[in-house]
Each structure stands twice: as C-alpha cells, then as structure tokens.
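So the structure is just underneath, and the comments pick up after that.
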Amino acid sequence: MGFSRQEDGTYRLIISDFDRSIAKTRNLHEQIKQRYAYFKVKQELKSQNKEVVQEIRHQDGVIELVVEG
C-alpha cells in the first residue's frame, strides 16, 4: 500500500490486489477517504469565511458538521 501525488496536488492511494482482499485494508481505505473529505470540506469552508461551530461524530462513523457564516 502506498500513495502517489497527482499533478493537481491530490494523492492517490495505491493498494495491491492482495491488500485489497483484506477487510482491514478496505476499512482503512474508507477512513482515509473520509479524512480527506473532512479536511477538504473544512478548507473550502474557511475559504468562504464560514466556521464549523459543532462537530458530531456518530457511532456509525458519520461526521456531521454544523456550519455558521
């Protein structure tokens, strides 16, 4: 498993077929995508002068952001 930086500055997660077959790796892949989306959303909100005033983490892993601005 590894990462490759793309021309647009994003990263691509590279997982071998062997690693892909392992359930923990699939879960890790989903967690990485979620964290990337989380930070991307916060970055976009900041550029729009908006602020996260509450962050709710649900038991199923969903992160809910309450935004002002």
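Before moving on, here are some points about what is shown:
- Only lysine pairs 8 or more places apart or on separate chains count here, and in segment 2-68 those with Cα atoms under 24 Å apart total 6.
- Global geometry of the chain, whether rounded, prolate or oblate, following the gyration tensor of its Cα atoms and the 1.5 cut on a/c: oblate
Coordinate-derived values only; no laboratory data. In this text, all values refer to a predicted model and were calculated from it rather than measured experimentally.
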